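Here's the structure, in structure tokens; my notes come after.
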Amino acid sequence: MEMFLQSIQQALMIVLAITVLGILIFVHELGHFLFAKWNGIGVLDFSIGFGKKLWKRKIGETTYSLGLIPLGGYVRMVGDDPRAVAAGQGLPAESGDLEAVSTLDDEQARLMADQSKWFLKKGYWAKFWVVFAGPLFNLLFAWFLAIGSIALFGFDSPQNLAKIGEVFPGLPAEKAGLQRGDLVRSVNGVPVTTWEELASKIAGSGGEPVTLEITRQGESGLEQQHTLTLNPTQEIGELALLEGKDPKKSFKIGIVPSTERMPASLQEAFIGGTNHVLFLSYMTVKGLYGMIQGIISPKHIAGPIFIFQQAAKSAKRGVDYLIEFMIFLSVSLAILNLLPIPILDGGHLVFFTLEALRRKPLSLRVQEVANQFGMAVLLLLMVFALGNDLLRLW
């Protein structure tokens, strides 16, 4: 019976993770869709997920559908393929969805016949906003979630206790067995009572092993005493670099202080939510730049398995933690899609900007080669991310 309940719980967590990812994909594609409609562009398909269609329904000129593989989505617009536009056709020259192509009705056929509805026939700013709207909607969604979460649940105020609020995976604290809620009593035999004292002694350890005496609440409710030895490594210097500190002088073990939830006014929620999204955006960009420089290890790149795991863990801790994970994921999705890689939104924006500066479209050959390169880069990143996920599982 216990195994059956565990299986049900795992299945529910998977469904929850897929739902979270689906919501963020929907928000992203909704941005493209609404701005396409606003600019008078014909939209043939609005799909969440790829592969076999689990559900689809045509409303007006657009077919809405859910795909079997919940790892992306797309908005298919009339005249969005440069090869088809060059040939005077509104439909992609080599559509992967042959069923959708063969079942176009009279209304959709009229859309393709009207070149004023074609995406690539629109001006620079119309195309810019249609493409940019996807990442923009993800950022706005994260912003609204952040404000709403603080207004509803309050904000975390750090407690000035040597009590652990969170343990980051893969870092020395987790490897040594430290857990959320542990109260640190001493560092190398020297008593500590505040978080500042604890952080100061770890930062000043010079990377040498430190011994912590902790008090932990047992399952029976009784306090248990434990002694753990940690080995801060220079790898923690990555965190210092992101914070603008000298990694040679900063040592961490991967913990944050315990907090207590405090109520917030609407003004505090607005300011706190705005600052939180801006900070996440800044740190995401800085982290990506650090990877390009070789400062940040690429092992931090995560794939769908990691996302599903973190969504499940967040849900177990509470709705507020799940919302926080969605905020982080939505910001990450926005920033990653703005990278200047062909196939991604950022790559399309680069193409449109170059065309505007040249005052003529790029050659079909250049676009094809660039898109093939972009697809190869994305496939390699996907394989690498899945490899990291499997290594984490192992």
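The values are calculated or read from the model by the stated rules, or taken from the named source; none is laboratory data. Computed from a prediction, not measured in an experiment: that's the story for all the values here. Cβ sites come from the backbone with ideal geometry, for glycine too, and all protein chains shown count toward neighbours.
A few notes on this one:
- Any pair with Cβ under 6 angstrom, 6 or more apart, that starts in the stretch 380-393 at a residue that is of a type outside the set (G, A, S) and ends at one that is in a helix (DSSP H, G or I): N388/K299; D389/I305; D389/F306
- Screening the candidates V184, V167 for the property of being of a type in the set (A, V, I, L, M, F, W, C), in contact with an Asp or Glu (Cβ under 6 Å, 6 or more places away or on another chain) and at pLDDT 85 or above yields one hit, V167.
- Any hit, the stretch 260-269, residues being of a type in the set (G, A, S), at pLDDT 70 or above, more than 18 Å from V210 (Cα to Cα) and crowded, with 19+ Cβ neighbours inside 10 Å: yes
- Whenever a residue of the stretch 47-58 is among the hydrophobic types (A, V, I, L, M, F, W, C), its partners that are surrounded by 15 or more Cβ atoms within 10 Å (Cβ to Cβ) and not in a strand (DSSP E or B), lying with C-beta atoms within less than 7 angstrom and at least six residues away or across chains, give the pairs I48/G22; I48/I25; I48/F26; I48/E29.
- Residue match in the stretch 139-158 (condition: at pLDDT below 90 and over 31 Å from the mean Cα position of the chain (by Cα)): no
- Candidates G318, G374 - the one that is free of Cβ contacts under 8 Å to residues at least 60 places away in the same chain, of a type outside the set (V, I, T) and touching a Pro at 6+ places or on another chain (Cβ under 6 Å): G374
- Helices (runs of 4 or more DSSP H) fully within the stretch 316-394 that include at least 2 residues being exposed (fewer than 12 other Cβ atoms within 10 Å of the Cβ), assigned by TED's automatic domain parsing to the domain that holds I147 and modelled with pLDDT of 90 or more: none found.
- Scanning the stretch 126-162 for residues that are outside any helix (DSSP H, G or I) and among the charged types (D, E, K, R) yields a total of 1.
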